[in-house]
Amino acid sequence: MNLDQATIVKLAQRLEACELEATDTTKITDDYPDMDWDDAYAIQDEIRRMKIARGSRIVGLKAGLTSHAKMKQMGVETPCFGFLADYFAVPEGGECKVSQLIHPKVEPEIAFVTKHALRGPGCHIGAVLAATDFVMPGIEVIDSRYRDFKFDLKSVIADNTSAVRFVVGGMPVAPLQMDLRTVGIVLEKNGEPVAFGAGAAVLGHPAAAIAMLANHLAARGEEIPAGSLILSGGITEAIAVQAGDSVCLRVQGMGSVGMRFI
Ligand code: OOG
Ligand code: MG
């Protein structure tokens, strides 16, 4: 760690204020070029602590930058991990208020719900599938707090990996009943197909993103608890949305899920 606790708290407050007030900021690595990975996750942890202290519940976890499409779009080469707070959840078919956001984009994802805890090191796809209760379609709304959605990996980790809203739904399916690599997805915006892909776009198999998260947490002495909702990462590049748009994600064999932006 290269940052002291006071700086970590100050940066967490700066980023969380941007989220809550829908304003953007410059990259924190511009001001603290020497910050390291532990500093970045410590800032994210401080944001999480502040939300819990204010009465929010953490309802899930997320992996991000797990597909080449996303890595290429954002110019980074390593996945990152974040958390989902209760108020991020939008009901299926529900509304998302654009006035509360800065420059939202949507991502088509496969969501996992665990029935057993997952603990690394050495967590692998087999362990993830055995511990998964069901998978279902999920749309993540991301909203980087950084100006023009431009960041480096440390800045985006500190910013809770741009997390802001999500919707899950459709038809939950047991993961052993399908090959998650060949599952096809279509993301529609205002009825037009705008992005297509297959599960294998995420690290070869979406369960690999969950295994990577378990191994990441193990290095910090943590695990993925039973009953967790986890977003495995955007299969395609993210699509910008504005007020008036509606989006729908169709996943082969898992129905569809959607939301509207007002
Ligand atoms: C970082 C978050 C990426 C995903 O699914 O790849 C992410 C970003 O692109 O702003 O959630
Ligand atoms: Mg995502």
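The values are calculated or read from the model by the stated rules, or taken from the named source; none is laboratory data. Only a predicted model underlies this, so the values are computations on that prediction, with no experimental measurement involved. Here the Cβ positions follow ideal geometry from the backbone for every residue, glycine too, while neighbour counts run over all protein chains shown.
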Out of all the residues in the stretch 51-69, is one or more modelled with pLDDT under 95, surrounded by fewer than 17 Cβ atoms within 10 Å (Cβ to Cβ) and either of a type outside the set (D, E, K, R) or within 16 Å of ligand 1 (Cβ to nearest atom) (or both)? yes
Give the stretch 118-149 a look and list any residue that's in contact with a Lys or Arg (Cβ under 7 Å, 6 or more places away or on another chain), away from ligand 2 (no atom under 15 Å from the Cβ) and farther than 18 Å from N215 by Cα, or say none. D133, Y146
Could you check L65 against (1) closer than 26 Å to T236 by Cβ; (2) aliphatic (A, V, I, L, M); (3) more than 16 Å from ligand 2 (Cβ to nearest atom); (4) within 14 Å of the chain's Cα centre (by Cα) and say which number it fails? (3)
May I ask you to list the residues in the stretch 176-208 that are of a type outside the set (A, V, I, L, M) and modelled with pLDDT under 95? Q177
Of those in the stretch 22-42 that are part of a loop (DSSP other than H, G, I, E, B) and not polar (S, T, N, Q), the residue nearest to Y87 (Cα to Cα) is A22
Is it fair to say D45 is surrounded by 14 or more Cβ atoms within 10 Å (Cβ to Cβ), more than 15 Å from ligand 1 (Cβ to nearest atom), of a type outside the set (A, V, I, L, M, F, W, C) and outside any loop (DSSP other than H, G, I, E, B)? yes
Count, please, the residues in the stretch 214-242 that happen to be within 26 Å of Q252 (Cβ to Cβ) and polar (S, T, N, Q). 3
Would you check if there is a residue in the stretch 214-230 being among the hydroxyl-bearing types (S, T, Y), within 25 Å of L180 (Cβ to Cβ), in a loop (DSSP other than H, G, I, E, B) and within 15 Å of ligand 1 (Cβ to nearest atom)? no
Any hit, the stretch 194-213, residues being away from ligand 2 (no atom under 16 Å from the Cβ), in contact (Cβ under 8 Å) with a residue 24 or more places away in the chain and over 19 Å from V251 (Cβ atoms): yes
Any idea which of (1) crowded, with 16+ Cβ neighbours inside 10 Å; (2) closer than 19 Å to A219 by Cβ; (3) among the hydrophobic types (A, V, I, L, M, F, W, C) is the one W37 doesn't satisfy? (1)
